[in-house]
Amino acid sequence: MADLATQIESAAKSPPSDPAERLALYNAAQKLFYAVEDPLDSINRVNGSPLIHIVSFIATNLNIYEQLAAAGGPLTGASLAASSKCDPVLMSRILRLLASNTLILETGEDTFAANNITQALAQPGYRAGIIHCFKAITPSFMAMPDFLAETNYENPKDLVNSPFQKANNTDKPAFVFAMENPDLMANFNVWMAAVHSNAQTWLHVFDFAGHVKGSTPETAIFVDIAGGLGQQSGLIKKMHPEIPGRVILEEQPFILPQTLPIEGIEKLGFDLWAPQPIKGAKVYYARNILHDYPDDKAIAIIQNTLPALTEGSIFVIDEIIIPNTGVHPTATQTDMIMLASFSSIERTERQWDALLDKAGLKIVKKAKYNTTTGQSAIVTVPK
């Protein structure tokens, strides 16, 4: 066992760079961690987990991660307190909690430095993620126990009756509420951009060029349904600049002014609950749209799209597929966010099969491109 402990310490100091090796080591280390954890430590970890997020949010307000990451060496609690305009005693207490949970590195008495986690949390995208989750998601989580008890532990299915409405004292859907609070959407968009930057995409597992072969400048090759800021439309142009054809970003009119300035993209004001206005496109595409809605609303969205498909058209649904067994914690956390915020769900493979069949779609191919979350391209055609 002493040799094993030495090997683990060595791996911690110099972890592998290969992603597959890192993932294998992470999974093995996690199993070992939970296997040897003392029961009292287990309950303390469970009870203390909300506190880590809360104090991390406080740390972002005080720019602790950013200051340590930029310093290039250790900083004292007193110096961080002075630069953050925080009481020194309070600062030291915050820093000790962060260090004891490995978010920063303790190098001496009341002296701290950045580690790899600090460097990550100092990035603007991850900072935005901490802020967004604290302000937009955590209140809904806190409302979940009472909400579920009051609704007799029924699986939520009403878009405007979820823990989100209870937490925010509103009868508006979460996205409408967020749009009326620009700071929420600003942090969400920065966070999502960071999460998906330099990651595998659906275009790595689907032959887009092959499917639209023979297109002309007049051909609608890609319809980005409720495409947000236009990242996926931009990705088409970036990865396939040589392909002629129309790339069309559809979004609600009040979102379109906020979309990315991408050359060659058509932008169309769009109502998700109205029939699809672009007919006969090669690829209709919806990314992380259906997971925002319970089954009846998801089916309505699909059936608003189906009449537009013609021979040679496909509907690509880009969503998390939760495996029927052995799901990763990241996917289950996202599922609980869907429950708390939208009365919706991250669907299992079996649930996706049933939903799409009921909506009138035939699955041609499922191609997973993120092994952690289960994000996949589901290629479909009308039945």
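Filtered by the rule that a residue be assigned to a helix (DSSP H, G or I) and under 17 Å from Ile52 (Cβ atoms), the range 117-133 gives Ile117, Thr118, Ala120, Leu121, Tyr126, Arg127, Gly129, Ile130, Ile131, His132, Cys133.
Out of Gly210, Gly214, Gly234, I need the residue that is surrounded by 12 or more Cβ atoms within 10 Å (Cβ to Cβ) and in the same structural domain as Gly264 (by TED's automatic domain parsing). Which one? Talk me through it step by step, then tell me what you get.
Numbers: Gly210 fails: surrounded by 12 or more Cβ atoms within 10 Å (Cβ to Cβ); Gly214 fails: surrounded by 12 or more Cβ atoms within 10 Å (Cβ to Cβ).
Just a single option satisfies the conditions, and that option is Gly234.
Determine whether Lys213 is over 22 Å from the mean Cα position of the chain (by Cα) and not in a loop (DSSP other than H, G, I, E, B). Break it down into steps so the answer makes sense when it comes.
Working: over 22 Å from the mean Cα position of the chain (by Cα): yes; not in a loop (DSSP other than H, G, I, E, B): no.
In short, no.
To keep it simple, each residue is scored yes or no on (1) modelled with pLDDT of 95 or more; (2) over 26 Å from Leu309 (Cα atoms).
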residue: Gly326; (1), (2): no, yes
residue: Thr334; (1), (2): no, yes
residue: Ala340; (1), (2): yes, yes
residue: Asp353; (1), (2): yes, no
residue: Lys362; (1), (2): yes, no
residue: Lys366; (1), (2): yes, no
residue: Thr372; (1), (2): no, yes
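Among the residues making up the range 323-363, those that are touching an Asp or Glu at 6+ places or on another chain (Cβ under 8 Å) and among the aliphatic types (A, V, I, L, M) are Ala331, Met338, Ile345, Leu355, Ile363. Could you tell me whether Ile301 is among the hydrophobic types (A, V, I, L, M, F, W, C) and either at pLDDT 95 or above or in contact with a Phe, Trp or Tyr (Cβ under 6 Å, 6 or more places away or on another chain) (or both)? In short, yes. What number of residues within the range 101-120 are surrounded by fewer than 19 Cβ atoms within 10 Å (Cβ to Cβ) and within 15 Å of Glu66 (Cα to Cα)? Qualifying residue count, the range 101-120: 7.
From the list Thr138, Thr107, the one residue that fits, being of a type in the set (Val, Ile, Thr) and in a helix (DSSP H, G or I), is Thr138.
Going by the conditions given, is Ala149 surrounded by fewer than 16 Cβ atoms within 10 Å (Cβ to Cβ) and closer than 24 Å to Pro124 by Cα? So Ala149 fails the test.
Of all residue pairs spaced 6 or more apart or on separate chains, those with beta-carbon atoms under 6 Å, a first member in the range 148-177 that is in contact (Cβ under 8 Å) with a residue 12 or more places away in the chain and a second member that is part of a loop (DSSP other than H, G, I, E, B) and surrounded by fewer than 17 Cβ atoms within 10 Å (Cβ to Cβ) are Val160/Asp171; Pro173/Val160; Phe177/Thr170. None of Leu105, Leu80, Leu68 is closer than 26 Å to Asn47 by Cα, at pLDDT 95 or above and outside the structural domain of Phe188 (by TED's automatic domain parsing) except Leu105. If I filter the range 335-345 for residues that are surrounded by fewer than 16 Cβ atoms within 10 Å (Cβ to Cβ) and free of Cβ contacts under 8 Å to residues at least 60 places away in the same chain, do I get at least one hit? No, there is no match, as no residue in the range 335-345 is surrounded by fewer than 16 Cβ atoms within 10 Å (Cβ to Cβ) and free of Cβ contacts under 8 Å to residues at least 60 places away in the same chain. Considering the range 272-319, the residues that are part of a loop (DSSP other than H, G, I, E, B) and out of contact with any strand residue (DSSP E or B) (no Cβ under 9 Å at 6 or more places or on another chain) include one that is surrounded by the most Cβ atoms within 10 Å (Cβ to Cβ), namely Tyr293. Residues of the range 131-155 that are hydrophobic (A, V, I, L, M, F, W, C) and closer than 19 Å to Ile58 by Cα: Ile131, Cys133, Phe134, Ala136, Ile137, Phe141, Met142.
The values are calculated or read from the model by the stated rules, or taken from the named source; none is laboratory data. The shown structure was predicted, so the numbers you read here are calculated from the model rather than taken from an experiment. Backbone-built Cβ (ideal geometry, glycine too); neighbour counts: all protein chains shown.
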